[in-house]
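J.: Can you read through this structure? Questions will come right after.
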Amino acid sequence: MEIKQKKEKKEEIVRIYIMGREYKVPAGLTIMKAMEYAGYRFIRGCGCRGGFCGGCATVYRVKGDYKLRMALACQKTVEDGMYTSQIPFTPAEKPIYNLEELSPSVNVFLEYYPEIAKCVSCNTCTKACPQDLEVMDYVQAAIRGDIQEVAELSFDCIMCGLCAMRCPTEIVPYNVALLARRLYGKYVMPKAKHVEERIKEIESGKFDEEIRRLKETSMNNLKEMYEKREIEPE
Ligand code: FES
């Protein structure tokens with residue numbers, strides 16, 4: 001009996017509201033797990049469960065706090081008095097382009113996303129980003145045509161769409177950033193010479209014999225070889 005009481009004491013329960021309905025769930029769960037605990041089944045609005053796919057965009061408020069907050073349901077832990085709503089998908093503007101035919105010019109963003117010129121620098125996009133990216137800064141960099149800056153500032157974007165949903169001038173920052181990263185990867189980033197050389201070596205068949213031997217090696221030997229492998233010096 002005493003053990004049971006101790007156990008009950010350990011499991012703290014919080015009260016949350018999912019789409020307006022009240023549920024009591026264990027503290028420490030993510031919003032996603034709390035929803036499943038409450039009986040919801042994810043058919044949409046859930047992908048990797050690891051904070052990478054951007055599929056679980058969520059808005060929430062906590063009682064007593066006027067702020068509307070944004071998060072990823074698979075990452076954010078529930079709080080007592082939390083009101084939460086899921087936003088599985090919202091359509092957004094995305095022009096079609098052929099990367100092979102584009103050039104990394106300073107006007108490329110304004111040509112495909114002219115609405116970026118309407119940015120009022122309100123920073124709402126930055127506040128909405130669950131990855132804490134400087135979204136407004138990279139939109140400003142896009143206006144200046146600085147492909148590298150946009151690509152670097154947006155590198156951790158997971159395309160959840162919350163920035164576009166909050167933008168009062170209807171810019172779709174995450175698609176602007178995607179264009180930047182594509183252009184940067186294809187035209188701006190210096191080529192890794194050693195990788196090109198290694199690819200040539202692979203194509204010439206230099207490693208064919210070694211690969212054949214590895215394929216015939218048992219799993220245990222492979223593990224052993226892996227443990228003993230030479231690690232590249234830093
Ligand atoms: S499920 Fe992929 S980011 Fe949350």
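J.: Can you list residue pairs whose Cβ atoms sit under 8 Å apart, with the first residue in the stretch 73-101 being without any contact (Cβ under 8 Å) to a residue 40 or more places away in the chain and the second being part of a loop (DSSP other than H, G, I, E, B) and more than 16 Å from the ligand (Cβ to nearest atom)? Count only pairs 6 or more apart in sequence or on different chains.
T.: PRO95/TYR113
J.: For the stretch 1-104, which fully contained strands (runs of 3 or more DSSP E) count at least 1 residues that are more than 22 Å from the chain's Cα centre (by Cα) and not assigned by TED's automatic domain parsing to the domain that holds ASN175?
T.: Fully inside the stretch 1-104 and qualifying: 13-18, 21-26, 57-62, 82-86.
J.: Something else about it: Every residue in the stretch 103-128 that is within 14 Å of ALA142 (Cβ to Cβ) and among the hydrophobic types (A, V, I, L, M, F, W, C), please.
T.: Matches in the stretch 103-128: VAL106, VAL108, PHE109, LEU110, ILE116, ALA117, CYS119, CYS125.
J.: Quick one: would you say GLU152 is assigned to a helix (DSSP H, G or I) and of a type outside the set (A, V, I, L, M, F, W, C)?
T.: yes
J.: Take the stretch 139-175 and flag every residue that is touching a residue at least 60 places away in the same chain (Cβ under 8 Å) and basic (Lys, Arg).
T.: ARG166
J.: Hey, any hits in the stretch 101-112 for a residue that's surrounded by 14 or more Cβ atoms within 10 Å (Cβ to Cβ), more than 30 Å from ASP146 (Cβ to Cβ) and away from the ligand (no atom under 16 Å from the Cβ)?
T.: No: zero hits.
J.: If you don't mind, there's one more thing I want to ask. Considering each of ALA141, ALA128 in turn, give the residue that is over 29 Å from PRO190 (Cα atoms) and within 22 Å of the chain's Cα centre (by Cα).
T.: ALA128
J.: For the list (1) basic (Lys, Arg); (2) at pLDDT 95 or above; (3) over 27 Å from CYS48 (Cβ atoms), I need the number of the one condition that LYS191 fails.
T.: (2)
J.: When the residues of the stretch 196-234 are narrowed to those that are hydrophobic (A, V, I, L, M, F, W, C) and not in a helix (DSSP H, G or I), which ends up surrounded by the fewest Cβ atoms within 10 Å (Cβ to Cβ)?
T.: My answer is ILE231.
J.: Hey, can you tell me all the residues within the stretch 45-68 that are more than 11 Å from the ligand (Cβ to nearest atom), within 19 Å of PRO130 (Cα to Cα) and surrounded by fewer than 17 Cβ atoms within 10 Å (Cβ to Cβ)?
T.: Scanning the stretch 45-68 gives ARG61, VAL62, ASP65, TYR66, LYS67, LEU68.
The values are calculated or read from the model by the stated rules, or taken from the named source; none is laboratory data. Values in this document were obtained by computation on a predicted structure and should not be read as measured data. Virtual Cβ from ideal backbone geometry, glycine too; neighbours counted across all protein chains shown.
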